[in-house]
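Structure record follows, encoded as structure tokens.
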Amino acid sequence: MEPFADLDLGALLAAEEAGVLEARRLEVDKLLRLLAWCDAHSVDPQTQPGAVPIAYGGDRLVRVGGPGTPEVSDLCFAEFAVASHAGVIATMNRAGDALDLRHRLPRLWAAVQDLRVGVWVARKIATLSRKLSRTAVEIVDVATAAGADLMPGRLIELAEAKVIEADPDTHRARIAADEANTGVWMRRRRPGQSVAEVDAQPSVQPITLRLPLAGAVEFTTSVDDLARAMADQHVPADEDDVLTMGQWRARAVELLADPHAAVRFLDGPSPATGGAEVADTETPPPSPAQNAPRPGRTADLAVHISAAVLAGQVDGVARVEGIGPLLLEQVAELLRHRNVVVKPVIDLNAGAAVDSYEHPTACKERTMLRTDGDVFPHSGSRSRRLDHDHPTPYDENGPPGQTGDHNDAPLTRRHHRAKTHAGHRVRQLAPGAYRWETRHGLTRVVTRYGTTVVEGLASSDRSLLGELHPQRFEPVLPPGGLRRREPCLPQPTTDPWR
């Protein structure tokens with residue numbers, strides 16, 4: 001008999017939540033056991049009686065973690081790996097992450113032990129920040145601990161940005177080394193690939209491109225522009241003559257292989273030829289209907305900047321949607337060949353209400369900047385293509401001003417449907433803050449800092465008196481930044497991205 005078959009739906013959900021926490025606790029216990037093993041083998045083996053010299057293969061102390069972590073006996077990991085049913089190298093890597101968390105990322109480690117952050121996420125952050133100095137890594141520790149309730153992808157991206165911010169010169173060296181390894185390659189076809197059952201490619205040829213970030217964005221934008229122009233000019237020969245955008249992009253790349261033909265297509269008929277196309281290819285590309293100049297490309301970037309950056313205490317790192325954290329000079333590279341329009345700063349403390357059902361564009365923009373994406377519990381979606389729902393349902397016969405910042409919840413279509421038809425209830429607590437309750441009583445609060453579990457506060461007779469919500473903290477840098485080796489002091493109400 002299945003062990004949970006007799007549970008009602010509420011008990012089944014409670015068991016699932018308890019199971020998630022228990023799994024995290026077991027992962028934490030695994031790290032604690034490994035840390036205890038490392039502590040027991042932190043004495044230099046060469047100081048022990050009868051030690052075999054290192055030159056003859058004897059044991060020695062090695063540092064498997066980052067700067068500032070204690071050294072551990074090199075050969076001690078073999079036996080622990082056997083007990084872990086794992087490889088020695090994997091065990092050493094896990095030990096390095098555990099030592100980094102305890103000695104270099106103590107705030108994040110506390111969040112891990114409180115079961116707020118999964119071990120695999122914390123280990124990823126430890127690995128990303130391993131080469132930072134013990135002083136510089138504190139920036140990562142403070143920010144990730146403040147963002148502990150973020151979804152894993154967002155927390156890792158936050159850590160990535162802080163690693164760049166902590167040592168921008170090293171990141172610039174990474175960029176230079178990466179850009180030196182650029183190129184375009186046509187993959188070699190393997191024997192039998194033309195007729196293979198699984199991965200046959202009888203008529204296509206994959207090509208690999210490694211381009212600098214700005215060049216890659218420019219190239220894909222050009223391909224998209226050309227593909228859309230070709231699709232707009234295409235006249236289907238029959239009802240089956242319909243291509244996907246992927247196929248149009250492939251044709252656009254083929255056309256770019258002949259840049260003169262691509263220019264003729266985009267610019268239209270040449271007056272010198274009396275409107276006739278001169279083609280030197282077997283199948284000339286279609287021409288636009290009119291010879292109109294192409295409008296300049298525009299770029300729309302939202303820049304979040306803090307007082308610490310403005311004061312010159314830290315180097316600024318921008319987060320670009322769809323790309324990730326970038327140095328400011330990389331953002332400037334993205335803007336090349338673009339028409340740049342500087343828009344006024346959007347005041348997120350302001351708000352407005354209207355009498356219509358549809359949320360105004362300015363309201364949607366403010367809400368997206370406050371929430372950073374979908375506000376369904378534990379959602380990781382950061383798409384801009386979301387439904388803007390009314391947490392308090394819109395009433396056609398209700399009072400004026402029902403639509404605005406006070407009543408706007410961006411949701412994916414699936415989450416919107418779940419809220420509308422699956423019994424989920426949501427109440428907007430403030431601009432950018434939402435309280436959710438599922439049909440079977442699971443309660444969450446969602447803000448841009450992540451999703452947190454709401455704990456009920458009950459009296460002795462079990463009547464509900466209120467709810468407990470976790471406090472937020474903001475990492476505040478001391479004067480001059482962390483370079484002065486001073487601790488970060490937590491302050492209430494944080495935005496870990498700032």
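The values are calculated or read from the model by the stated rules, or taken from the named source; none is laboratory data. Everything numeric in this text was worked out from a predicted model, so none of it was measured. Heads up, the Cβs are rebuilt from the backbone with ideal geometry, glycines too, and the neighbour counts pull from every protein chain shown. These area figures cover heavy atoms from the full protein model, side chains too; ligands, DNA and RNA do not enter into them. Shrake-Rupley method; radii C 1.70, N 1.55, O 1.52, S 1.80 Å.
Structure notes:
- Against the conditions (1) open to solvent by less than 50 Å² (accessible area, probe 1.4 Å); (2) in a loop (DSSP other than H, G, I, E, B); (3) of a type outside the set (S, T, N, Q), Pro325 satisfies every one except (2).
- If the condition is being in a loop (DSSP other than H, G, I, E, B) and over 12 Å from Leu101 (Cα atoms), then the stretch 118-159 contributes Gly118, Lys131, Leu132, Ser133, Thr135, Ala136, Gly147, Ala148, Asp149, Leu150, Met151.
- Test: Gly96 is open to solvent by less than 70 Å² (accessible area, probe 1.4 Å), touching a residue at least 12 places away in the same chain (Cβ under 8 Å), under 29 Å from Ala159 (Cα atoms) and not in a helix (DSSP H, G or I): no
- Put simply, of Ala200, Ala231, Ala214 the only residue that is open to solvent by less than 80 Å² (accessible area, probe 1.4 Å) and at pLDDT 85 or above is Ala231.
- Highlighted here are the strands (runs of 3 or more DSSP E) found entirely within the stretch 416-462 that include at least 1 residues which are of a type in the set (Asp, Glu) and surrounded by fewer than 18 Cβ atoms within 10 Å (Cβ to Cβ): 433-437, 455-458.
- First in the stretch 428-457 and modelled with pLDDT under 90, second anywhere and among the hydroxyl-bearing types (Ser, Thr, Tyr) and surrounded by 20 or more Cβ atoms within 10 Å (Cβ to Cβ), Cβ under 6 Å, 6 or more apart: Arg448/Thr371
- Selected residue (only one of Thr182, Thr170, Thr127 is touching a strand residue (DSSP E or B) at 6+ places or on another chain (Cβ under 7 Å), surrounded by fewer than 20 Cβ atoms within 10 Å (Cβ to Cβ) and without any contact (Cβ under 8 Å) to a residue 40 or more places away in the chain): Thr182
- Conditions (1) under 28 Å from the mean Cα position of the chain (by Cα); (2) within 22 Å of Ile125 (Cβ to Cβ); (3) open to solvent by 40 Å² or more (accessible area, probe 1.4 Å); number of the one not met by Ala86: (1)
- Qualifying positions in the stretch 347-378 - in a helix (DSSP H, G or I), under 17 Å from the mean Cα position of the chain (by Cα) and among the hydrophobic types (A, V, I, L, M, F, W, C): Met368, Leu369
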